[in-house]
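In what follows, a structure is listed as structure tokens, so that the remarks can point back to it.
The values are calculated or read from the model by the stated rules, or taken from the named source; none is laboratory data. Here the structure is a predicted model, which is why all the values come from computation and not from measurement.
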Amino acid sequence: MNQEQTTPPRPTTGPTDRIIITMEEELKIRFTYHPPSPEQTERYQKLRDAAYAFALLIYRNTPQCREQSTALTKLEEAVFSANAAIARRELPHTP
């Protein structure tokens with residue numbers, strides 16, 4: 001197969017209220033930098049502040065162990081995902 005050939009776009013599945021895009025468009029969204037607006041920056045900070053408060057609650061009220069570490073890691077992942085939702089999925093967005 002010629003390396004210059006590309007596979008035909010395949011639409012991704014999604015809720016009926018969302019625009020269905022090809023996987024190549026989805027990958028572009030995932031791996032492209034999305035500079036934040038001032039309003040988005042404020043919301044990123046609110047999410048980080050709330051997560052920090054919860055992280056302290058976890059740290060101060062649970063024993064230092066594997067489960068505590070897992071809880072803090074998953075909280076960190078939740079903040080990453082929430083920030084990605086803001087950066088990647090808010091309109092206007094050009095894939």
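For segment 70-95, which residues satisfy the criterion of being of a type in the set (G, A, S) and either within 15 Å of the chain's Cα centre (by Cα) or modelled with pLDDT under 95 (or both)?
Correct list: A78, S81, A82, A84, A85, A87.
Out of segment 42-69, which residues are over 19 Å from the mean Cα position of the chain (by Cα) and hydroxyl-bearing (S, T, Y)?
Listed by number, the residues that qualify are Y59, T62, S69.
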